[in-house]
Each structure stands twice: as C-alpha cells, then as structure tokens.
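Below is one structure; the comments refer to it alone.
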Amino acid sequence: MTEPSLDLAIRDGMIVDGTGAPARRGDVAIRDGRVVALGEVREPARRTIDAAGAVVAPGFVDIHTHYDAQLFWDRWCTISPWHGVTSVVIGNCGFGIAPTRAAHRDLVLRTLESVEGMSLEALRAGVGTEWPFESFPEFLDAIAARGTAINVGALVGHTPVRLHVMGEEATEREATEDEIARMRALVAEALAAGALGFATSKSPTHVGWAGRPVPSRAATLAEIETLAGCLADAGHGVMQATIGPGLFLAEFAAIQRATGRPVSWTALLGGMLGPDGHRGVLEESARMQREGVRVIPQVSCRPLVVEFQMRAPFPLESMSVFHPVSAADFEGRKRIYADPEFRGALREKLHTGVLTARFRDMEIGGHTPDPSLDGRRLGDVAEERGVHFVDLALDLSLANGLDTRFRMAILNTDEATVAELLAHPATMVGLSDAGAHASQLCDACAPTDLLGRWVREKGVLTLEEGVRRLTSQPADVFGIAGRGRLAPGLAADVTVFDPDTVGCTPLRRVHDFPAGADRLVSDARGIRAVVVNGTIIREGGRDALAGDGPLPGRVLRGGQISAAA
Ligand SMILES: [Zn+2]
C-alpha cells in the first residue's frame with residue numbers, strides 16, 4: 001500500500017469559490033495546508049469529507065472582531081469558528097492590548113471593560129498579571145506561541161499606542177510633535193512586524209476608564225494623518241476607523257489619497273443619519289470608489305442591539321445628563337439613580353427625540369426579583385403600572401443591585417434599509433464585534449445569519465455573492481493574502497455548509513469565561529465542517545481537535561502570504 005498523496009479530500013460538493021463565480025459541482029483536494037486541485041479528484045486521501053448536498057466555500061473572514069484579550073484564555077476564539085469563520089482580525093476601533101507597558105495593563109483592561117462591555121474580572125483572570133509581551137511584535141509572537149484554532153491578523157490600535165507614549169494624559173490633551181513622532185515609530189514597528197493596518201476611533205460612544213474618552217478621541221486629525229502615513233511607508237495595510245466628530249468621508253478620502261491605502265470605516269447602519277441618511281453616504285462612497293478612492297463603509301446584517309445594566313450604562317453615557325454617572329463608582333451610581341433631580345433631568349431629556357423611543361422600547365431581562373418581566377417591553381410595563389418608563393427602569397435596577405438588563409435596538413432595524421446596504425456594491429460586511437460586549441450581545445454569528453436570512457430566506461444576495469462578501473472581499477480589503485478564495489496554491493481554509501439549513505439560533509447565556517463570567521452566544525445551524533490550513537477543526541457542530549493540543553491557525557502578517565509559514 002502506498003501512502004495516500006492527499007491529506008484531505010472534500011468530495012462531491014457545490015464549490016462556491018469566493019470570487020462570485022457560479023457554483024459548480026466538484027471535489028477539493030488538500031495537501032500540506034493548501035488547496036492543490038479543484039474539480040474531479042480521484043487521488044486517495046487520508047481524510048475525506050462527504051460534501052454531497054453541501055456548499056464548499058472558502059473559510060469566512062471576519063475583519064471586525066475584538067478577540068485581543070480573549071485569545072489569551074480562549075485559543076479557539078469562540079464562537080467564530082462555530083459559524084464557519086477561519087480568519088479574524090483584531091485590534092479594531094483602535095482598542096488593542098499592545099503595545100502596553102506593565103504599568104498600564106490595568107488601564108488597558110479597564111478601557112476594554114468600559115468600551116467593549118467586557119467583565120473586568122474575566123479580563124484580569126483571563127489575561128493574568130504577567131503579560132508575555134510589551135511591544136506589538138512581541139504581542140504577535142505571543143499569539144503565535146500560544147497557538148490558535150483559526151487564523152488571526154491584528155491591527156495596531158491608536159489607543160494603546162497613545163497610552164504607551166503619553167501615559168494617563170493620553171485621554172486629556174493633544175500630543176506634542178515629539179510624542180507624535182514616538183507614536184509613529186510604534187505604528188511603523190507594528191506594521192513591519194506584520195500588523196494588517198492601523199485602527200482608530202473618534203466615536204463619542206467610546207468612553208474608557210473613569211468615564212474618560214478613549215485616548216484616540218483626544219487626537220487631532222493631523223496626528224491621525226501622521227500615523228496613517230505609516231501605511232504609505234510600509235506599502236501595505238488598511239486603516240480602520242470608527243467615525244466621530246471630524247473624522248468622516250472627507251477626511252477618509254484625504255487619508256486614502258495621501259497613503260494609497262484603503263480605509264474601511266464602521267459603520268454605515270440603517271437609521272444612523274435619519275431614515276434615508278444612509279443613501280447619501282452610499283452614493284458618495286460609490287462616487288469616490290469610481291474615482292479610485294478606496295473608502296469602504298462596513299455594514300451589518302444584524303440590528304445593532306445593545307444590552308446593558310445601569311451599573312455600566314454605556315449606551316446612555318453620551319448623554320450629558322449621564323456624565324456624573326460615568327465618573328461615579330458603584331455606590332455613587334446608585335445614589336444618582338435615586339436622586340429625584342437626576343430623574344427629572346433624564347425624564348426631561350427623554351421627553352422627545354430618537355432616544356426616547358429606543359429607551360421606551362427596551363426589552364427587560366435578568367430581573368431576578370420578577371422573572372415574569374423577562375423579554376417584556378419597558379414602556380408596556382410602565383403603562384400597566386402607571387409610572388414613567390424612566391422611573392421604572394431605575395426602580396427595577398435599584399431593587400436588583402443594578403443587575404437588571406436592558407436590551408436596546410439602536411440602529412439597523414429597518415429590513416428594507418439593511419437589504420439595500422448589504423446589496424450595495426460600495427459596501428463590505430463588517431462589525432460583527434465578535435468578542436466584544438460579550439455579556440450584552442453577540443453578532444459573531446453574522447456569517448450564518450447572512451447566509452440563512454439574507455441569502456436563502458430573503459434573496460437579497462445570491463449565494464455566490466453572499467459567500468464573496470464573507471471571503472474574498474474582506475480578505476482583499478484587509479490585505480490577507482492567499483486566503484478568501486478556493487484555488488490551487490491558496491491556503492486550505494474551507495467551510496462546508498448546508499445551504500438549506502445554514503443559520504444561527506437566538507442568543508443564549510453561558511458562564512464559560514474566566515472567573516465564572518457570563519456571555520451571550522449563538523449556535524450555528526448547517527455548518528458541516530470547518531477546515532483551517534488543511535486541518536479539520538470542526539465537524540458536525542463539534543470541535544474536532546483537543547483544546548490543549550497543537551492548533552492549525554496562523555498569525556496573519558500583513559504583506560505576506562502566511563499559508564504555510
Ligand atoms: Zn469594534
């Protein structure tokens with residue numbers, strides 16, 4: 001008997017290769033971590049996946065995640081691989097964890113706690129006190145040394161870079177020329193080590209430790225332009241940015257023209273500029289792209305729902321009336337919520353306006369003293385009880401140690417608008433925010449949701465186009481070379497799914513994070529197998545490898561094909 005020449009053969013599936021080309025029946029042959037043939041494959045293989053009736057696609061690429069810290073306790077980046085994701089990009093919105101001086105570790109974790117709604121106890125227990133890196137290159141090496149089930153690429157974040165250079169003053173003031181030069185050196189160092197790009201945020205919703213703005217928000221446009229200039233020097237990389245005052249299309253266009261590098265921004269969501277406000281942005285983006293200006297809005301197939309507790313009321317913190325709350329500790333927050341003056345001011349603020357309806361329409365959850373309120377609309381319960389919905393929300397919270405949860409659908413709620421955004425050629429799919437807001441929401445299931453709801457059920461995208469939006473398009477914009485397509489010579493990242501059942505389940509709460517912290521997860525339906533660099537990591541909805549053994553994921557380094565590195 002001779003040894004089979006193939007490591008893996010995926011037989012008899014419908015190959016959707018990620019380019020948008022029509023599906024075709026065939027086999028995929030894999031050897032040494034790469035695809036070696038597509039079509040009819042007769043050679044024997046050591047392992048075979050029967051893909052009859054299934055789609056065989058490139059593994060999905062999720063370019064907007066926040067697994068930066070989670071990677072250090074969860075080498076699987078759950079739940080992304082459950083949903084067919086084989087490559088993720090971290091460091092989005094500028095919130096990486098490197099470079100970080102030892103003295104700033106707690107500030108970095110407290111920033112993640114606040115801005116990404118992650119449990120501080122879980123972060124502290126999960127990352128530990130001895131971090132195996134300070135610089136960005138050391139961070140990438142630490143990820144590689146620990147190993148990952150899927151591939152991980154990282155953007156270098158403006159916030160840790162600014163904190164590294166300016167210390168606590170990073171949240172407070174403009175940088176000096178010397179400080180900007182030192183930041184520039186850190187960004188350049190990160191890009192040279194393989195960062196996929198540079199990320200920043202000017203969003204007023206990004207509030208960090210002690211209610212202070214995240215460091216990147218204190219930067220001038222000139223500082224951002226200077227740091228983005230590193231991309232031009234490196235000759236690779238993308239700029240990812242969360243929009244805010246003074247950082248939108250005109251600024252992105254100027255940066256794109258100056259650097260020659262693509263800019264991908266978060267996020268173009270239905271309703272964010274009024275009911276039809278997205279249309280002008282789509283037209284402007286298409287016009288720029290026709291002129292060769294690669295400024296690409298990220299869109300999402302899911303409503304932007306945030307779950308929060310009054311102990312950390314981050315969706316409300318952009319309201320001026322909440323500024324004292326942001327600055328207060330737990331006991332201080334309780335005192336403020338009980339204060340009639342604060343309540344009067346909040347009722348006044350929520351008398352009219354867009355936030356009023358969102359607040360009144362919030363769903364109640366996790367109210368231990370009265371579980372019958374679970375899933376009920378705040379406004380309905382307030383009406384039944386003859387109280388103002390503001391007072392009800394605060395009374396429920398105070399009666400429950402500020403633990404009562406509220407789920408607020410903020411944006412992207414109108415289906416026709418979402419369909420228009422998903423189908424528009426100028427957009428790309430992003431903003432899963434996987435790994436962030438772990439106890440409040442979960443959109444890491446966006447790929448299966450896109451394929452189930454928006455491709456199969458609503459027909460907004462063809463199967464081929466839906467797969468392209470999850471694979472070659474994000475890989476190309478983020479410079480992930482050699483992935484996102486099925487073709488001989490490329491990395492063997494493959495997702496096999498059943499097009500008739502693929503989808504995701506409603507969210508459920510689990511307690512599997514460090515220190516017993518909880519999070520919301522969604523299960524996948526119809527994902528038959530997930531292959532990373534030629535190794536089956538998931539099969540039949542289960543992990544196919546031991547969690548503590550070697551794992552096949554690679555660190556994706558910008559400007560390099562790292563398939564078999
Ligand atoms: Zn983000």
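Some values worked out for this structure:
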item	result
Lone unmet requirement of (1) assigned to a loop (DSSP other than H, G, I, E, B); (2) farther than 21 Å from VAL35 by Cβ; (3) not hydrophobic (A, V, I, L, M, F, W, C) for PRO488	(2)
Residue among ASP476, ASP449 that alone is surrounded by fewer than 24 Cβ atoms within 10 Å (Cβ to Cβ), within 16 Å of the chain's Cα centre (by Cα) and more than 16 Å from the ligand (Cβ to nearest atom)	ASP449
Selection count where residues are hydroxyl-bearing (Ser, Thr, Tyr) and modelled with pLDDT under 95, scope region 1-48	2
Residues that are in contact with a strand residue (DSSP E or B) (Cβ under 7 Å, 6 or more places away or on another chain) and open to solvent by 40 Å² or more (accessible area, probe 1.4 Å), drawn from region 491-519	THR501, LEU507, ARG508, ARG509
Evaluation of PRO275 against (1) under 24 Å from the mean Cα position of the chain (by Cα); (2) open to solvent by 10 Å² or more (accessible area, probe 1.4 Å) (one fails), failing number	(1)
Residue in region 171-187 that is open to solvent by less than 30 Å² (accessible area, probe 1.4 Å) and within 16 Å of the ligand (Cβ to nearest atom) present	no
Residue match in region 513-521 (condition: among the acidic types (Asp, Glu) and touching a His at 6+ places or on another chain (Cβ under 8 Å))	yes
1 or more residues modelled with pLDDT of 95 or more and closer than 30 Å to GLY452 by Cα: qualifying helices (runs of 4 or more DSSP H) within region 368-430	415-423
Qualifying residues in region 452-473 (those that are on the phi < 0 side of the Ramachandran plot and part of a loop (DSSP other than H, G, I, E, B)) - the one nearest to the chain's Cα centre (by Cα)	THR471
Complete set of residues in region 204-247 that are buried (at least 23 other Cβ atoms within 10 Å of the Cβ) and either hydroxyl-bearing (Ser, Thr, Tyr) or not in a helix (DSSP H, G or I) (or both)	HIS206, GLY208, VAL214, SER216, ALA219, GLY237, VAL238, MET239, GLN240, ALA241, THR242
Some residue of region 267-285 being away from the ligand (no atom under 16 Å from the Cβ) and on the phi > 0 side of the Ramachandran plot	yes
Count of residues meeting criterion [open to solvent by 20 Å² or more (accessible area, probe 1.4 Å), within 16 Å of the ligand (Cβ to nearest atom) and polar (S, T, N, Q)] in region 406-438	0
Residue count, region 252-266 (criterion: within 16 Å of the ligand (Cβ to nearest atom) and over 22 Å from CYS93 (Cβ atoms))	0
Conditions (1) modelled with pLDDT of 95 or more; (2) part of a loop (DSSP other than H, G, I, E, B): number failed by ASP443	(1)
Residue match in region 514-535 (condition: in contact with a Lys or Arg (Cβ under 6 Å, 6 or more places away or on another chain) and either at positive phi or assigned to a loop (DSSP other than H, G, I, E, B) (or both))	yes
Check on LEU402, of a type in the set (A, V, I, L, M, F, W, C), within 16 Å of the ligand (Cβ to nearest atom), surrounded by fewer than 24 Cβ atoms within 10 Å (Cβ to Cβ) and within 28 Å of TYR337 (Cα to Cα)	no
Any pair with Cβ under 9 angstrom, 6 or more apart, that starts in region 92-107 at a residue that is under 20 Å from ALA193 (Cβ atoms) and ends at one that is of a type in the set (Lys, Arg) and more than 14 Å from the ligand (Cβ to nearest atom)	GLY94/ARG162; ILE97/ARG105
Residue in region 271-287 that is part of a helix (DSSP H, G or I), closer than 17 Å to THR413 by Cβ and touching a Ser or Thr at 6+ places or on another chain (Cβ under 7 Å) present	yes
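Listed here are the residues, each with its yes/no results for (1) of a type in the set (A, V, I, L, M); (2) in contact with an Asp or Glu (Cβ under 6 Å, 6 or more places away or on another chain); (3) surrounded by fewer than 19 Cβ atoms within 10 Å (Cβ to Cβ); (4) in a loop (DSSP other than H, G, I, E, B).
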position: GLU3; (1), (2), (3), (4): no, no, yes, yes
position: ASP12; (1), (2), (3), (4): no, no, yes, no
position: ARG25; (1), (2), (3), (4): no, no, yes, no
position: VAL35; (1), (2), (3), (4): yes, no, no, no
position: ARG42; (1), (2), (3), (4): no, no, yes, yes
position: ILE49; (1), (2), (3), (4): yes, no, no, no
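The values are calculated or read from the model by the stated rules, or taken from the named source; none is laboratory data. Computed from a predicted model, the values in this text were never measured in an experiment. Glycine gets a Cβ as well: all are built from the backbone with ideal geometry, and neighbour counts include every protein chain shown. Surface areas here come from the heavy atoms of the whole protein model, side chains and all, with no ligands, DNA or RNA. Shrake-Rupley method; radii C 1.70, N 1.55, O 1.52, S 1.80 Å.
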